[in-house]
Number of protein chains: 4
Amino acid sequence: MTGKPNTIRTAILGASGYTGAELLRFLTRHPGYDIRALTAERQAGKPIDAVYPHLGGMGLPDLVKVEDVDFSGIDAVFCGLPHGTTQEIIQALPAHVKIVDLSADFRLEDGETYAEWYGHPHRAPELQKEAVYGLTEMYRDAIRAARLVANPGCYTTTAELPLMPLLRAGAISTEDIIIDAKSGVSGAGRALKESMLFAEASEGIHAYGIAGHRHRPEIEQELSKAAGQPVEVSFTPHLMPMNRGILATIYVRLADGRTPGDLRDTLANHYANEAFVRVLPAGAVPATRHVRGSNHCLIGVSETGLRGRAVIVSVLDNLVKGASGQAIQNMNLMVDFDETSGLENAPVFP
Amino acid sequence: MTGKPNTIRTAILGASGYTGAELLRFLTRHPGYDIRALTAERQAGKPIDAVYPHLGGMGLPDLVKVEDVDFSGIDAVFCGLPHGTTQEIIQALPAHVKIVDLSADFRLEDGETYAEWYGHPHRAPELQKEAVYGLTEMYRDAIRAARLVANPGCYTTTAELPLMPLLRAGAISTEDIIIDAKSGVSGAGRALKESMLFAEASEGIHAYGIAGHRHRPEIEQELSKAAGQPVEVSFTPHLMPMNRGILATIYVRLADGRTPGDLRDTLANHYANEAFVRVLPAGAVPATRHVRGSNHCLIGVSETGLRGRAVIVSVLDNLVKGASGQAIQNMNLMVDFDETSGLENAPVFP
Amino acid sequence: MTGKPNTIRTAILGASGYTGAELLRFLTRHPGYDIRALTAERQAGKPIDAVYPHLGGMGLPDLVKVEDVDFSGIDAVFCGLPHGTTQEIIQALPAHVKIVDLSADFRLEDGETYAEWYGHPHRAPELQKEAVYGLTEMYRDAIRAARLVANPGCYTTTAELPLMPLLRAGAISTEDIIIDAKSGVSGAGRALKESMLFAEASEGIHAYGIAGHRHRPEIEQELSKAAGQPVEVSFTPHLMPMNRGILATIYVRLADGRTPGDLRDTLANHYANEAFVRVLPAGAVPATRHVRGSNHCLIGVSETGLRGRAVIVSVLDNLVKGASGQAIQNMNLMVDFDETSGLENAPVFP
Amino acid sequence: MTGKPNTIRTAILGASGYTGAELLRFLTRHPGYDIRALTAERQAGKPIDAVYPHLGGMGLPDLVKVEDVDFSGIDAVFCGLPHGTTQEIIQALPAHVKIVDLSADFRLEDGETYAEWYGHPHRAPELQKEAVYGLTEMYRDAIRAARLVANPGCYTTTAELPLMPLLRAGAISTEDIIIDAKSGVSGAGRALKESMLFAEASEGIHAYGIAGHRHRPEIEQELSKAAGQPVEVSFTPHLMPMNRGILATIYVRLADGRTPGDLRDTLANHYANEAFVRVLPAGAVPATRHVRGSNHCLIGVSETGLRGRAVIVSVLDNLVKGASGQAIQNMNLMVDFDETSGLENAPVFP
């Protein structure tokens, strides 16, 4: 795949994780990106199909260490490295390189909040200020002009896409927002943890990180910006036996005089011209299996048993719109490609 | 299995459903019950292993029609028939027979509420008044004296076990109770529905019955009794890819001055002597896989991001404590057996 | 999607089945096909997202009855109708229409064999003679010239791709070929069967059709043609809990002097220039998850404990290379498109 | 659970593995065993519910190191330690202790075969000679008299139960026995391996250990004893997405004049009085889900497309009859309990 003319010379840092594999699934079909380097520290020296057999036979470069990449010949970097190390590696990249970072390192805009949730001061505070939050549908213009985009978390994207337009429109209360989220296992990555073994994760569900998941401050930051005032939320993630998908059931308090139908209309109008966000008609139910493998987000709004409240259900594929798909969507803007190019895949069902 | 002396002669009506099979899993190991009749309308005439191969070789009687059972030789009936027909069949049973009904027919105490949610007036209103609601831990004495017990729904048991003691104790507000429930597929029974096909139900999650699931009025009836005033709830069930298990994530508002730890203490004290309900210490997370196949219910209480609120997580096996196990627990009381007898099975993990 | 210039005007008959949905997943991204008609008898009149929500928002035509399609404006038909009715509907299509039939109706070349396995004489014997068997890699030239292609079965494709070149080359014995196949559930289609319920199909495996699955005579027909003499096989399919994928473990007797390595070399040479069939090096193990969602087939050859024998493992996605993907591959040839166009999707993992 | 009179004082070595948990599931309901010690090297000092939350609240002793167990007060040991270390620990146990070893350390009777497959000479050759192979239905008398029983492997039990009686009876050829086995993931234990992650093991199947799985010499040892002559087999295990269960599809060559029906009769007669092995009538299909959680083995025999051959399907739960259940069955014999006591659980379905 080397040497396509007029293409964006691309490196994927941290290619051995699931987000790396997912980037490759899309980029290998995208005519505009030329994959020049794939990095993976412990697997350096191996061909990509040693870690991802399904990516064999596609002419991809072998895995190397980050330090062995010549970034002078690279235009675009997708960075899927662990939180923490990311800051230092991105800081060392040459200025001409455009970067979409899939880690959490640059998502929080406030240095103190970062330090509180991550346990250490930020190591690249200048970049932290420069980074643009990559929720494409909300920050499209800023992303287009950015050099460094902080790609949002999977849970956060699922919650923010329905909530931000409603808060901006004053259609819901800023108080008492409850986000009950259910995720497939791939969001946890490929690391070896007992709770991720098939025998432990299948045939069951449990909540985790109830008291404090790191996606909560990220959600609160964005909802606060949308509302123009501080917003706090209750956020409870659950792990369930599927590979891909997040479903967030969101309980909101209606602003005075609003109905669940009003919320649906507000969202439908807001997203009418978006390629990847679809607001379903009354009665239709979003299901994660209807977005699997695609960059789509589906949103539904329903009544509930409690007066003055509505239930919003939002679904997406955590590896696509929740990670690698949105990353490509952002990079497409940054390098002046059609925003949807390479992401037109229909969902894979069943 | 015929002819054990001093045993309860038992019939299972509707033995071809999953609750029927689950009753047999426990009763075949219980020395006190002698299975005399198994009914199944369309499968009448067949041996039980024609519908449940895993129950072959146990000497169980063949399936017959209800009308072909001689109830004069039956002491106890477990009734797992569809909603609606149940009323008429139970009304026709002789007075000496003790009955645990697993359908929803006798759970709602108020005739009008029944008619509203089920679309027709109740056909056995006298029995509706007589029936005792079978949440064992709450109504043990009444159950012991009852002839007809209405076994609670699976979702409702999961929600009521933590919420009723808290409402009785005034530890939580009666307002703004939000129940987000996730269920495995066996709760829907063995009927052929497209949404229950493996290819449709696996690898995904969706909400259903958001606007009005029939377990909501049942929950509200019991919570209102516990609170001594009308309680309304938001109840959203979800279907997810596992066979057994319900997890309810319940968002409650604390009563003035209470903390999540107080709620945990209240529940721990309340259930201290119960064999099947266990309140976990702070930080421990209930998971459905830790109760699979057993009559256990596990409850945890946590803080959440919103002040004045707590998150309660409750899990059980919908076919056991949520149906057949609790049914046997109730019948044990009614026929004066040890309440836990036959239900001592440890969970099946993995 | 109407009115693209220079495109193949296309109808999908039986679009409400899984193979129909899968055809649409690929064809909606293929610039060369213009989807003009989708048929579904019972669902006629509905939009496609009433049966497949994941295909909403793509501008596809509503479902109609076959009799309501104006085939004068159709160039290409993909036929995914049930076995039996297919014959009559295809016979009634105008002569200018090119057809890939995904049913079993035209796969068996011998009328008597057809009648024996399907219980009635063929109703379109002339077409049966005309039809070209659509195992693309084996019959590419004939397919290119065909008007009617009988797309192979999913099990048969998995078995024939490794076995036919070996039999042609005389590298294995024609005797004692044992095919042990494991399939995901989507191969059974979307019909309501108890054995296909999640609660019945998950967490287990069983064999079916041991004495006589209809794919056996199809396999034997093709292997006999490849060997130049009658070949009989033992074929045992199993149903297992996954959505997509077939893995065939094939036990063969080596021809005199051949080793498992020779078999691997024969296959590797044979498929060296194929885009969709990949022969793995010694020691690498084909897994269905490495082909999921793609048109790929992976083949491995190993030694076994018995002298003079080898084990071949072959995997593909039953809905893609085993059905809709191969159907498009064939139609691409018939309408003179690049054979691989629209089928370049990398596998979806995890 | 301390201090029951007239009970067998029992220790479980390696209680933190799945076989340990499964032993406890059965033993906690068995009135005859008093659990005095549970060992786990790395988890020593923790309560059992720190590693198995589903076993909390049962009054079990905390985990300790093996060296901290006082074996003078122990009558029976179940040993579920890793292969290799087992030998030395068992060698150090006092002579009065009865032992069922669930590892592979004492299954192979021949020292050279052991060294060949495990890479080092046996470290307790005297015990290797003394150990009795614990396939209960075959070696019941020897087991009853034994001090040390080597509990068979899960694959081997699945294959040996149908094959040994047929070989003894001369009903099948000793040549050309092909065993295609499919296993759930719990057979691999709780160790952290990438291939066992949910995201890697779900939605797929693959073969492994084709060239040489360590259960092959064990199978060949037992089949050879049954046949009275050396028997070699082809054995191919597969890993598939379920927690529990093994299904072996076994292809055999009929002895002269025998039919598949003869094989079925031979097995049905042989196992007529066995509590845990059931031979199904013609046409019935064994499924792993029909034995889940129970000590049952189901066997079916069918015709196949090849003359002179039959297909045998055998299923069991790898953690029960394939490990912990059979271990208790053996210990029951060794301590003179009813062989089936504590193992009467019906299968858990769905």
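Laboratory data are not the source of any read-out in this text; all were calculated from the coordinates shown. Owing to the predicted nature of the structure, the values given are computational and were not obtained by experimental measurement. Virtual Cβ from ideal backbone geometry, glycine too; neighbours counted across all protein chains shown.
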*Which of the listed residues, C:ALA159, C:GLY308, C:HIS290, is farthest toward the dipole's positive end in chain C, when Lys, Arg count +1 and Asp, Glu count -1 at the beta-carbon?*
C:HIS290
*Angle between the Cα long axis of helix A:260-270 and the longest principal axis of chain A, 0 to 90 degrees, nearest 10?*
30
_Within the protein assembly as shown: Cβ-based charge dipole about Cα centre, in debye rounded to nearest 20 (Lys, Arg +1; Asp, Glu -1)_ = 0
_Could you identify the residue of C sitting closest to the C-D rotation axis by Cβ and state that distance rounded to whole angstrom?_
C:ASP180, 2
*Residues of C:278-287, mean number of Cβ from any other protein chain within 10 Å of their own Cβ, rounded to a whole number?*
4
_Magnitude of the charge dipole, segment B:1-104, Cβ model with Lys/Arg +1 and Asp/Glu -1, debye to 20_ = 280
*Mind checking the angle between helix D:154-168 and chain D's longest principal axis? C-alpha axes, 0 to 90 degrees, to the nearest 10.*
50
*About its Cα centre, how strong a charge dipole does chain A have in debye, to the nearest 20, once Lys and Arg get +1 and Asp and Glu get -1 at the Cβ?*
680
*Does segment A:122-205 come out rounded, prolate or oblate, given a ≥ b ≥ c as the square roots of the eigenvalues of its C-alpha gyration tensor, rounded meaning a/c under 1.5 and, failing that, prolate meaning a/b above b/c?*
oblate
*Based on the alpha-carbon gyration tensor of the protein assembly as shown and its eigenvalue square roots a ≥ b ≥ c, which shape applies: rounded if a/c is under 1.5, prolate if not and a/b is larger than b/c, or oblate?*
rounded
*What residue among B:ASN243, B:HIS215, B:HIS83 has its Cα farthest toward the positive end of the dipole of chain B, where the charges are +1 on Lys, Arg and -1 on Asp, Glu, each on the Cβ?*
B:ASN243
*Could you give the length gained on full extension between A:ARG123 and A:GLU194, defined as 0.36 nm per residue of separation minus the Cα-Cα distance, in nm?*
22.4 nm
_Compute the helix-to-body angle for B:215-227: its Cα long axis versus the longest principal axis of chain B, expressed 0 to 90° and rounded to tens._
60
*Prolate/oblate/rounded label for chain D (Cα gyration tensor, a/c 1.5)*: prolate
_Beta bridges per DSSP with both ends in the protein assembly as shown, % antiparallel, nearest 5_ = 45
*How many angstrom separate the Cα center of segment C:188-252 from the Cα center of segment D:68-89?*
46
*Within straight cross-link reach of A:LYS182, meaning Cα distance under 21 Å, which lysines are found once same-chain residues fewer than 8 apart are removed?*
A:LYS193, A:LYS321, B:LYS182
